Structure formats: C-alpha cells, structure tokens
1. Quick check for me: using +1 on Lys/Arg Cβ and -1 on Asp/Glu Cβ, what's the dipole size of region 266-369 about its Cα centre, in debye to the nearest 20?
2. Using the Cα centre as the reference, give the magnitude of the dipole from point charges on the C-beta atoms of the chain (Lys, Arg: +1; Asp, Glu: -1; all else neutral), rounded to the nearest 20 debye.
3. Compute the Cα gyration tensor for region 142-236, then decide on rounded, prolate or oblate, letting a ≥ b ≥ c be the square roots of its eigenvalues: rounded whenever a/c is under 1.5, prolate when a/b is larger than b/c in the other cases, and oblate in all that remain.
4. Using only Cα atoms, find the angle between the long axis of helix 232-241 and the longest principal axis of the chain, and express it within 0 to 90 degrees, rounded to the nearest 10.
5. Connecting C-alpha atoms closer than 10 Å in a GNM of the chain, tell me which of 350, 16, 301 has the biggest fluctuation.
6. What whole number of Å gives the distance from the Cα centroid of region 104-141 to the Cα centroid of region 354-375?
7. Return the single residue from 353, 408, 304 with maximal mean-square fluctuation; model: Gaussian network over the chain, springs between Cα atoms under 10 Å.
8. Starting at 0 and stepping by 10 Å, how many percent of the alpha carbon pairs of region 186-225 end up in each bin?
Amino acid sequence: MADNAKLIVEGKTYEFPVLVGSEGEKAIDISNLRSETGYITLDNGYGNTGSCQSSITFIDGDKGILRYRGIPIEELSEKSFFTETAYLLMYGELPSEGKLKSFSERLNKSSLIHEDMLHFFTGYPKGAHPMAILTSVVASLSAFYPVKDTLDPEDEEIIIANLMSQIRTIAAFSYKKSIGEPVVYPSNKLKFVENFLNMMFASPVKDYSLDPDVVKALDMFFLLSADHEQNCSTSTVRMAGSSLANIYSVIGAGICALWGKLHGGANQEVIEMLEHLRDTRTSPTAFVDAIKNNKGKLMGFGHRVYKNFDPRAKIIKGLCHSLLKKPGLNDPTFEIALKLEEIALKDDYFLSRKLYPNVDFYSGLILKAAGFPINMFTVLFAIGRVPGWLAHWREMRHDKHTRISRPRQVYQGPTRRAYVPIQDRK
Ligand code: ACO
C-alpha cells in the first residue's frame, strides 16, 4: 500500500488511502471525501474517476496494451476464438475441454427465442434501424424469461446462455424482417458464428455457403469487441444493474448506449464517410483539412483511453489486408482508409492530440466484406460486447462493495425564488 494522499481544504489537512492496482495504477480512495470534508469531486466525462475495482480487463492506453483476464489481446486473437474468450471474460479462466463443450451446448440449447416474440418484428416500420429493434426486443426478453430477485449460480448460467445466444437470433431475425424475407431458425449443427451467418444469409430457397475466411474474420471481430473495461456502454450496464433492474433491461440499456456514433455507432459512420469520399471523389487530403478547419471529427480516430495506438485496430487492419485480397472482396474504400490514416498520422493536428485509428476505423470494412449491410454494423458490435457486459454485471453483483450508482452534482441553477402566478409572468 502506498502512502496516503493529503488534501488541504480551507487550511485543514485530510488524508485519503491510496490504492494500487495489480498493474501498478494508483487511485486515491475518496469514498469518505464528502462525509469528512463536505466537498465532492467534479470530473466531466469521468476521465479521472474509477467507478469500481475490476479484475476483468486491463488497458494501458499510453502503451497500447489490452488484456482480457491478463491475456494479451494479440495472443487471444491468434490462438483463441469468440466463445472461448467469452467464457474467459465471464468466468475468469480459460475453460477446460469439458467446460467449453457444455458451454457450447448451453448456447445451442438457448438459441431459439420464444415463438410469440416473432410478432414483435412485424410491428416495426419498414426501414427501422436494426439497433432500434435490438434494444427493445432484448429488453423485452424479461417478459418471456422472468428473472428472480435472488439469483443462484444456475440462474446466472441460464441468463448468460440466453443473452449470448438469443441476441444473435434477434439480430438475424431483425435483418430478415427488414428485407422482407422469412426468418431462418438457428441450427444446433452449426457453431456460434457459422450459425449466425446462416441465419443472416440463408433463405428457404437458397443455402448459404460458409466461407471459412469470413467465419474467421467475424469471429475475430466479435472477440476484439468482447470487452473494453469501463467504456460508455459497460458503465451504463453497471449503472443500470446497480439498481438491481432485471438483466435483460440492463443489457438493453447497454445496447442503447453503444448505439451512439461516438461509441459503437462509429463503425457505421466510418464506412459512410469512406463511401462519401469514394462517391464524391473527394481527395483524402482535402477531407482531412476540412475536418481540421471545421473542428469536425475523423470518424474511427481518437479514443478516450488509447493515446498511442489501439491494439485492436492493428489486428483488424491486418485482417483487412488478408481478407480484402480474396477474389471478389476487394474494396476501394480500404485504399481510402489507408490514405486517410497515412495523412492523419503525419499531421500535427492529430499527433498533438494523440489521435490514432481506433478499432472502428477498420472493422466496418471487414463487416462489409462479410456481406453485412452498414446498418447492421453496430448490431454486430453489440453481439460481440455481450460477454463483456455480462462479465461486469456478474462481477458487480458478487462485489460486496457494490452500492446503487448515484453520482452527485454541482448545482448551478437559480437559488431559492418564489412561484410567480401565470398572470404576473412577463
Ligand atoms: N477527429 C478530429 N479531431 C478529434 C477527434 C477525431 N476523431 N477526436 C477527438 N478530436 C479532437 C477534439 O476535437 C479535441 O480537440 P481540441 O482539444 O482542439 O478541442 C481533442 O481532439 C480531444 O478530443 P475529445 O473529444 O475531448 O476526446 P474524448 O476523449 O472526449 O473523446 C472520442 C474520445 C469520443 C472517441 C473522440 O475521439 C471521437 O469522437 N472520435 C470519433 C468517434 C469514434 O471513432 N468513436 C469510436 C471510439 S472507439 C469505441 O467506442 C469502440
């Protein structure tokens, strides 16, 4: 334990314990700050605030390090696969062969959604964004699979399998409805990613032929998306979960937060940006200049935590190079992305602000090559992120320090004043 931190307020000195994490990060534990000093902290966007202690994911944004349960993301992306990594995140250890087998069986057993839920999909207007459908259908799972207040380990297993498996079915059904095709049911004969691709792209009149390179690329995308410690959507999951709301609504809240274009919605924005450049034949240099002059955002660039490079972006860029080489999958927008990156990484505007490509800069290209329409990109991110959300939800539920999340504020509104009757108002 390091020394205490001293705070001098109005001439009085207070001491607060310093906590040191397993990778050496230091934090001042201010749990008693308000009760001892009468002060609170103000930290817009929470850039300096630790909301919990966690053992799931470690990020060192300055060195570009990302590890799930201690294992580097580079090693997982090379040696593991999505469902195994999901198990690692949620249960803390890589599964034995037997445990992985029973986990996969559980996922298969849970893949069907209640048949009555199919009515939901017909109620949405044509062209509804699949994220709008996903948020509401996932939240409504609790109507079909009621959640007890007190959960035993078996209940948790059921919830985990339901959410991981059913979000995939719901995502594929949303897509099928949006294009006016009948849904394709999941099949226990197929593995997680293959099953999803088949539900998306097979039809009653046409089989879908699985391309192992596409299966691998999508699996890798899910694995790289699986967790990222206290990001916006995961913090939302922890916040909503701290009220002991049912887990299906809690994950629905996480999906809503993910949708925003500064977060998971960025992968859609990136492809729209690249296609705009392609269609209008705008030069990447002119585009970057316009962003600098108008203080706009180069989508897929920048990160709250990574101030060096996003290790996920490196992996997925490598995957783009190999996947987009395949006959029929070549995509000119990849060249535009490479050019944009090259220009931005030589430009002082981006360098001085430590803006580097994030995972979303290249992920959309992989998803597009796999045949997904752009409006499904954030849905795919949500499927990948479910294990991370569930890992944090479990960790929080089993942490004896968990309290309902309830930040304070510094009030800046009017001080006390009298009610003015309507006839006397200006
Ligand atoms: N392009 C151009 N300038 C940028 C970008 C960008 N992508 N991102 C940040 N900046 C600039 C800001 O304008 C600001 O400039 P200033 O100091 O002159 O005002 C400076 O860099 C700091 O930016 P902030 O917005 O304060 O950084 P913050 O940590 O709050 O935001 C975020 C991080 C949201 C990711 C931001 O970089 C961004 O909007 N990027 C584009 C959207 C994106 O790709 N999101 C995906 C993130 S990864 C994920 O969620 C999976």
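Derivation of every value follows stated rules applied to the coordinates shown; laboratory data play no part. Only a predicted model underlies this, so the values are computations on that prediction, with no experimental measurement involved. As a convention, Cβ positions derive from the backbone with ideal geometry for all residues, glycine included, and neighbour counts pool all protein chains shown.
1. Result for region 266-369 is approximately 320 debye, rounded to the nearest 20.
2. On the way: 51 positive and 49 negative charges, 233 e Å.
Its charge dipole is roughly 1120 debye.
3. Because a/c hits 1.5 or more and a/b exceeds b/c, region 142-236 counts as prolate.
4. Result, in degrees: 70.
5. 16
6. Taking the Cα centre of each part, region 354-375 and region 104-141 sit 24 Å apart.
7. Comparing 353, 408, 304 in the GNM, the peak value goes to 408.
8. Per 10 Å bin, starting at zero, the Cα-Cα P(r) for region 186-225 comes out as 31, 54, 15, 1 percent.
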